[in-house]
Amino acid sequence: MIDVTETTAPQLANSLHSAPDQRGRFGEYGGRFVAETLMPLVLSVEQAYAAAKADPGFQKELDYYLKDYVGRPSPLWFAQRLTEALGGAKIYFKREELNHTGSHKVNNCTGQILLARRMGKTRIIAETGAGQHGVATATLCALFDIPCVIYMGATDVERQQPNVFRMKLLGAEVRPVTSGAGTLKDAMNEAMRDWVANVHDTYYLIGTVAGPHPYPAMVRDFQAIIGRESRAQLQESEGKLPDAVVAAVGGGSNAIGIFDAFLDEPDVKLIGVEAAGKGLDSGETAASIERGHPGVLHGNRTYLLQDADGQIQEAHSISAGLDYPGIGPEHSWLADIGRAQYVGITDQEALDAFQLCTRTEGIIPALECAHAVAYVAKLAPTMRKDQVILMNLSGRGDKDILTVAHHLGVTL
Amino acid sequence: MSRIKACFDQLKAAGRGALIPYLEAFDPDRATSLEILRGMPGAGADLIEIGMPFSDPMADGPTIQAAAIRGLKAGATLRGTLALVNDFRDENQNTPVILMGYLNPILAYGPEQFCIDAEAAGVDGLIIVDLPPEEADLLLPFAAANKIDVIRLVAPTTDDARLPQVLAGSSGFVYYISIAGITGTGTATPEQLEAAIPRLRAVTDLPIAIGFGIRTPAHVAAAWEVADAAVVASSLIGIMAATLDEQGKATDKTVDAVLYEVRTLAAAQ
């Protein structure tokens, strides 16, 4: 007699860390959907990254820069006043906004710039939405004296002026992109066009867990330090795992970064907060998982906001960093298998949470993570006081004060 | 025998290269694009490539991006593009038609149903820019079942080790992207083409078409010198776009300007 439990049990026990597979697939998501001109280069990035990953010297070099230049480990902060104000679960912030350059983006940029140097590439290109990834890229390029071009949607250039100026000060060339709605999607299109024309010397430093394989896996690996540190820090302060982990999701790199250490802990709820824009059903949203369908864009198969004919729709969010019609393929997979849950927070809820966080904790969060704060504000009161929420405070909000002032009707 | 094979066999017997002009479906509107399409064989097109408009054409330069936007604004859908081919086939049963575009609209349509409907409409080949061999199993079985050639793309970056993998099981013809770049930008030199094409010949017996950066009769002639066909896209669209009025609407010059240029290119020696 065949014992069914016996044969299926090992499969169930398989680690979620075994993804992606050889083809770069997380379940049916991911892959390498790029033009043939780029394909050999994408394969060479994969090989170079595999070699770097296996080289202790690479990890040692990365650790050095993360500690002494980025300032890691970032603190884990018990948000006591916010916890008391909400009257439920204990809330901890992983303070990624305290990293050099003000967000988690620098973790990935440091890893990839070291890889680009190993590959002998002499020019860096990147896309940016809110400008956080652009600033982090420009910063590392200044440090390593590598010329860099940052593609940024013209709309985002307008609403993120402080970051545009920072990038220019750092020596980057910022190229505004006017096609489409002039946001992150269009910047990524233009960066891919640059890459295909400059394959011989250029490294494309993708800022999120999207794009063709190996980018989703590689960017996750570079961001996974967020979750590793958080887990150890929480163990020290609470002596246990969190009950829920909450992070904002645009492309999804800060969320994957903090989720990764808890993927194989089924009792830890993982919650990704998408930007609902003016509302999930308003037609002006950026909630790819909640309102999108699987499709292919920017090199990977994933959930996308698209019409019935497969044309990609413009996303909408008050936050430039979440204003993207897709999401990293690993998130699509985690959503499908039910390992992570994805919820929507509107522009208005994010604005309210931005102020709540600022006044209770004295921390001005980026509008991106204000979405996570807004969901925490809903979730915490429904939980017991001995339960713990871990939230990724992935970026600082100084860049957003002009946008927030505008929406609050304040003229500066 | 497929229309593509019959076409290349005939040209080979006549010792001529093939001209493959490109138009974007519904650019600037359905009726004008159908008129251009119907006029192309008479103007000297041997095969015709029709662009399927996509919102995010990542491998295309500004000219074809603008064409896609005009096409979408004019109501282009995959269904509409297939209907356009169907209308063309009412009058023309011989000229091969190849649809070029991006994968996502086909996934939204359903790859199997798309291939069934494309065959019924009279489509002979598909060029899907963002579908490398590594992912081609999403489409190949359905295309093969409906006798549609999936045209493989080879780039200057495709090295000799990778070539056999790219060309394995290929049919129709092979499309050589002559420059590492996007459409409507640089042009390969004759020396570069002379170096590149024999690499492909060593691996495939299929006809080879050269595309990207081919704008003039001299470029067409240089492509025919080393390969079997020349694809002209951005320059034709640029000529078409220059005839549009301030609102982007077709004028009485639009169709004639494109067909005149096709005639000029077809007369290349």
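Taking amide H as placed 1.01 Å from N in the peptide plane, the amide H of residue B:51 sits under 5 Å from that of B:23, B:24, B:25, B:100, each at least 5 places away or on another chain. Dipole magnitude for the range B:134-269: computed about the Cα centre from +1 point charges on Lys and Arg Cβ and -1 point charges on Asp and Glu Cβ, it is near 120 debye.
Rounded to the nearest whole Hz, the Karplus-based 3J(HN,Hα) values (6.51 cos²θ - 1.76 cosθ + 1.60, θ = phi - 60°) of the range B:197-212 follow the sequence 5, x, 4, 6, 4, 5, 10, 9, 9, 6, x, 10, 9, 10, x, 6, with x at glycine and proline. Extension gain, residue A:118 to residue A:44, is 25.5 nm, computed as 0.36 nm per intervening residue step minus the present C-alpha separation. Spacing of the modelled spin labels on residue A:145 and residue A:59, each 7 Å from Cα toward Cβ, amounts to 3.1 nm.
Take every DSSP beta bridge whose two residues both sit in chain A, then give the antiparallel share in percent to the nearest 5.
Working: 15 of 50 bridges.
DSSP beta bridges in chain A are roughly 30 percent antiparallel.
Entry note, the range A:274-339: relative contact order of 30 percent, from Cα contacts under 8 Å with a spacing of 6+ residues. On a straight-distance basis, which lysines could pair with residue B:249 in a cross-link, Cα separation under 26 angstrom, same-chain partners fewer than 8 positions away excluded? Those lysines meeting the cut-off are B:73.
Accessible surface of residue A:109, taken over heavy atoms with a 1.4 Å probe and every protein chain present, rounds to 0 Å². Of the residues B:171, B:33, ranked by 1.4 Å probe accessible area with the largest first, the sequence reads B:171, B:33.
How large, in percent, is the carbon and sulfur part of the accessible surface of the protein assembly as shown at a probe radius of 1.4 Å?
Working: 13230 of 25030 Å².
Whole-percent figure for carbon plus sulfur exposure: 53.
Couplings 3J(HN,Hα) of the range A:317-328, computed from phi: 7, 5, 9, 4, x, 9, 7, 9, x, x, 7, x Hz, in residue order, whole Hz [Karplus 6.51 cos²θ - 1.76 cosθ + 1.60, θ = phi - 60°; x for Gly and Pro].
Residues whose amide H lies under 5 Å from that of residue A:340, counting only those 5 or more places away or on a different chain, are A:335; hydrogens are built 1.01 Å from N in the peptide plane. Take each residue of peptide A:291-303, count the partner chain Cβ atoms within 10 Å of its Cβ, and average: the result is 3. May I ask you to list the residues of the range B:161-181 whose amide nitrogen lies under 15 Å from a point 7 Å from Cα along the Cα→beta-carbon direction of residue B:9? Label zone hits: B:172-173.
Our summary gives chain A a relative contact order of 20 percent, counting only alpha carbon pairs under 8 angstrom and 6 or more residues apart.
Set the bar at 20 Å for Cα to Cα. Now go through A:105/A:185; A:53/A:94; B:12/B:147; A:278/A:378 and name every pair that lies beyond it. Write down the numbers at each step before the final one.
Values: A:105/A:185 18 Å; A:53/A:94 25 Å; B:12/B:147 22 Å; A:278/A:378 18 Å.
Those over the limit are A:53/A:94; B:12/B:147.
Across the alpha-carbon atoms of chain B, the computed radius of gyration and Dmax are 17.0, 51 angstrom. With a ≥ b ≥ c the root eigenvalues of the C-alpha gyration tensor of the range A:207-364, is it rounded (a/c under 1.5), prolate (a/b larger than b/c) or oblate? Oblate, since a/c reaches 1.5 and b/c is not below a/b. In chain B, Cα pairs under 8 Å separated by at least six residues give a relative contact order of 22 percent. Isolated cysteines in chain A, defined as those with no second cysteine Cβ under 4.7 Å, comprise A:109, A:357, A:369. Using R0 = 22 Å, the C-beta based FRET efficiency linking residue A:175 and residue A:402 works out to 0.50. Annotation: amide H of residue A:177 within the under-5 Å range of A:152, A:153, A:154, sequence separation 5 or more or interchain, hydrogens built in the peptide plane. When the accessible areas of A alone and B alone are added and the area of the pair subtracted, with a 1.4 Å probe, the result is around 2700 Å², both sides summed. Phi angles of the range A:344-355 translate, via the Karplus equation with coefficients 6.51, -1.76, 1.60 and θ = phi - 60°, into HN-Hα couplings of x, 10, 7, 3, 5, 4, 5, 4, 5, 5, 4, 6 Hz per residue; Gly and Pro are given as x.
The values are calculated or read from the model by the stated rules, or taken from the named source; none is laboratory data. Keep in mind it's a predicted model, so treat the numbers as computed, not measured. Cβ atoms come from the backbone with ideal geometry, glycine included; neighbour counts cover every protein chain shown. The area values use the complete protein model at the heavy-atom level, side chains included, leaving out ligands, DNA and RNA. Shrake-Rupley method; radii C 1.70, N 1.55, O 1.52, S 1.80 Å.
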